[in-house]
Amino acid sequence: MVELKLKVNEKGQILIPKVLREKYNIEEGKFILAELREEGILLKSRPTPEEILKRLQEHVSKLKKMGIKGPKIGELKKIYLEMEFEEEKP
C-alpha cells in the first residue's frame, strides 16, 4: 500500500496530487464522496450521470448475452423490498 503525506492548510483543506486526480477522474467542479470509516476518511470519485448510464447499458447487454431477461413494466408493481427480508412462518 502506498501512503502519501499531505499537508492540511489553515482552512482545513488538502491538495490532492495531480497524478491521483487524473487516475481517479477528480476534476475541478466535480463532487467527490467522503466515506467515514473507523480507520479514517475514504475519498471516492463520484460517477457522472452519463457514466452511470453507460455502466447500466453495459450491464443490461451482459445480461441479454447470458439469456437473462428482466421484469416487464408493471410486473413488480406489488413487490416491495421488505418482502425479500421477511421470514417464512411455519
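The values are calculated or read from the model by the stated rules, or taken from the named source; none is laboratory data. Note that the coordinates shown come from a computational prediction; the quantities given were computed from them, not determined experimentally. All Cβ positions, even for glycine, are placed from backbone atoms using ideal geometry, and neighbour counts span all protein chains on display.
Here are a few things to note about the model shown:
- Residues (at pLDDT below 90 and of a type in the set (Asp, Glu)) located in the stretch 15-27: 27
- Residue pairs whose Cβ atoms lie under 7 Å apart, sitting 6 or more positions apart in sequence or on different chains, and linking a residue in the stretch 41-64 that is touching a residue at least 24 places away in the same chain (Cβ under 8 Å) to a partner that is outside any helix (DSSP H, G or I), are 43/32; 43/34.
- Scanning the stretch 28-50 for residues that are surrounded by fewer than 10 Cβ atoms within 10 Å (Cβ to Cβ) and in a loop (DSSP other than H, G, I, E, B) turns up 28, 29, 31, 38, 39.
- Given (1) part of a helix (DSSP H, G or I); (2) surrounded by 10 or more Cβ atoms within 10 Å (Cβ to Cβ); (3) at pLDDT below 85, number of the condition residue 83 does not satisfy: (2)
- For first residues located in the stretch 1-30 and at positive phi, partners that are of a type outside the set (Lys, Arg) and lie 6+ apart or on another chain with Cβ distances below 8 Å form the pairs 25/45.
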